[in-house]
Amino acid sequence: MPKKYLFYISQNYSFAILRPLQAEIQRRGGDVKWYLEPNVNASYLATDEEQLTTVEAVQVFNPFAVFVPGNVVPSFIPGIKVTVFHGFDAGKLDWKGKNTHFRVRGCFDLHCSYGKDMTKQFDALAETYKTFKVVDTGWPALDPLFTTDTALNPYISNKDNRPTVLFCSTFSPRFSCAPHIFDAIKKLSESGKWRWLVQFHPKMGADIVNKYKQLESENLTFIETDNVIPLLKSADVMLCDTSSVLLMFLLQRKPVVTFKGNQQGEHLINVSSPEQIESALIDALKQPDELMQHIDDYIKYIHAYTDGNSSARVLDAVDNFTFDSLKTKPLNLLRQLKLRKKLGYWKLS
C-alpha cells in the first residue's frame, strides 16, 4: 500500500516549491494529491497531477502527511502537518517590529527548516511551545537549482552574449522598489548594454505590472511564471529589494544588488538611490574576490545543502516523525473558523 501525501497550497508559486518533493515521493512509490485554496489557479497543475476539490475528498484520501509551503493549514484535514516554508527569511517585520518568518501560528507538527540560523531559532521556539518538532532538511524547492540541466532553459539565449540582469521585486508597497526605480530601469534597458529579465511577486499590483510590461523590447522581457528556478539560472546578476528570492539567487554564487533593502551585510551590494544602480551592477558583474568570499560565507549560513537532495531529507524526517513528547496544539478557533469560511466547510470533524 503506497504512502499517501497531500500538498495543500494557497499561492500559485507553491507548485514549483513542492514539485521536487512530489518527484521524490513518486520515486519512492508514494501517492500525491493536491488541494488548492480557492484563489489558486488550477491551470498550473500538470496533466498527471490530481486535484482533490473538496475537504470531504481529502478526508477520504486520508493522507499520511500534509505538506504546506505557507503559514497555515486547517486542523480538520488529516495527516501530519508539515511546513516546508514559502521562502527564505527576508527580514520582513510586522507592525510590531517582529520578524514574520519566525511567527508560530500553532498549525504544524513538523517544521522542515534550512540553514544554521533558521534551525537554531526554530529549535528555541520548539523548546518554548513544545507543540512541534524541527528538522534541518534543506528546502525542496532548491533541488532543481543544483540538479537541473540548463540546456532546455527558455530564458538562456545562445545568440545574445550580453550580461543578463534579473530584476525581481516583492508586492508590498512598503517594501517594493518597483514603483521607485521605473525610470532608472527604463533608461538602463534602453541603453542596450545588458539583457533584462523582469519578474515580480504574483501579488504585485496590476498597475505596476502593466507599467513594466510597456518596457518590453529586444533588451527587456517581462515574465510571469510559477517557477523562478530557470530565471535564477539564466541571469548573471540580480537587482532586487527585500524579496526572499534574492537569497535563492545568492546560493548560485551570483551577486545581488539591493535597492533600499532591509537586509544588511557584506554579501550584498545595497544602494539607496536610482542613480547608483548602474555602477552597482557594473561592480557586481565583475564578481570581486572580497564580495564572493562574503557570499560563500553567507551560503554556509543560510543553506549549506547544495546536493539537490533536500526533498529526500524532508521525506525521511516525516517518516521518522512521532508525536512523542509533544503537547496538544492550541485550538486556534478564530484562525480555523476563517479557514472553514474560506473553504466552505462547516462539518464537525
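Applying the criterion of being in a strand (DSSP E or B) and over 16 Å from Phe171 (Cα atoms) to the residues of the range 83-118, the residue that is modelled with the lowest pLDDT is Asn99.
Quick one: is Ser113 touching a Phe, Trp or Tyr at 6+ places or on another chain (Cβ under 7 Å) and without any contact (Cβ under 8 Å) to a residue 40 or more places away in the chain? For Ser113, the condition - touching a Phe, Trp or Tyr at 6+ places or on another chain (Cβ under 7 Å) and without any contact (Cβ under 8 Å) to a residue 40 or more places away in the chain - is met.
Can you tell me which of Lys286, Lys254 is within 22 Å of the chain's Cα centre (by Cα), assigned by TED's automatic domain parsing to the domain that holds Ser191, farther than 18 Å from Thr170 by Cβ and at pLDDT 95 or above?
On the way: Lys286 fails: within 22 Å of the chain's Cα centre (by Cα).
Answer to the selection: Lys254.
Consider Gln51 carefully, then state whether it is without any contact (Cβ under 8 Å) to a residue 24 or more places away in the chain, in contact with a strand residue (DSSP E or B) (Cβ under 8 Å, 6 or more places away or on another chain), of a type in the set (S, T, N, Q) and within 20 Å of Arg313 (Cβ to Cβ). For Gln51, the condition - without any contact (Cβ under 8 Å) to a residue 24 or more places away in the chain, in contact with a strand residue (DSSP E or B) (Cβ under 8 Å, 6 or more places away or on another chain), of a type in the set (S, T, N, Q) and within 20 Å of Arg313 (Cβ to Cβ) - is not met. Candidates Lys187, Lys203, Lys233: the one that is touching a helix residue (DSSP H, G or I) at 6+ places or on another chain (Cβ under 9 Å), in contact (Cβ under 8 Å) with a residue 24 or more places away in the chain and surrounded by fewer than 21 Cβ atoms within 10 Å (Cβ to Cβ) is Lys233.
Do we have any residue at all in the range 31-52 that's surrounded by fewer than 14 Cβ atoms within 10 Å (Cβ to Cβ) and among the aliphatic types (A, V, I, L, M)?
Yes, because at least one residue in the range 31-52 is surrounded by fewer than 14 Cβ atoms within 10 Å (Cβ to Cβ) and among the aliphatic types (A, V, I, L, M).
Pick out, from the range 267-339, the helices (runs of 4 or more DSSP H) lying fully within it that include 2 or more residues that are closer than 29 Å to Pro20 by Cβ. Explain how you work it out, then say what you get.
Values: elements: 277-285, 289-302, 310-319.
In the range 267-339, 289-302, 310-319 are the helices (runs of 4 or more DSSP H) which contain 2 or more residues that are closer than 29 Å to Pro20 by Cβ.
Examine the range 119-126 for a residue that is in the same structural domain as Phe323 (by TED's automatic domain parsing), exposed (fewer than 14 other Cβ atoms within 10 Å of the Cβ), of a type in the set (Ser, Thr, Tyr) and free of Cβ contacts under 8 Å to residues at least 60 places away in the same chain, and state whether such a residue exists.
no
Taking the condition of being of a type outside the set (S, T, N, Q), within 14 Å of Met238 (Cβ to Cβ) and assigned to a loop (DSSP other than H, G, I, E, B), how many residues in the range 142-177 meet it? It would help to see each step written out before you state the result.
So the first thing to find is which residues in the range 142-177 are of a type outside the set (S, T, N, Q), and the list is 142-146, 149, 151-152, 154-156, 159-160, 162-163, 165-168, 171, 173-175, 177.
Remaining after also requiring within 14 Å of Met238 (Cβ to Cβ): 145, 155, 163, 165-168, 177.
This time we only want the ones that are assigned to a loop (DSSP other than H, G, I, E, B), so: 155, 163, 177.
Of the residues in the range 142-177, 3 are of a type outside the set (S, T, N, Q), within 14 Å of Met238 (Cβ to Cβ) and assigned to a loop (DSSP other than H, G, I, E, B).
In the range 32-71, the qualifying residues are those that are of a type in the set (D, E, K, R) and over 21 Å from the mean Cα position of the chain (by Cα), and the one that is farthest from Thr225 (Cα to Cα) is Glu56. Ser243 meets all of the listed conditions (1) in a helix (DSSP H, G or I); (2) in contact with a strand residue (DSSP E or B) (Cβ under 9 Å, 6 or more places away or on another chain) but one, namely (1).
The values are calculated or read from the model by the stated rules, or taken from the named source; none is laboratory data. Predicted, not measured: the structure shown is a model, and the values here were computed from it. For neighbour counting, all protein chains shown are included, and Cβ atoms are generated from backbone atoms with ideal geometry for every residue, glycine included.
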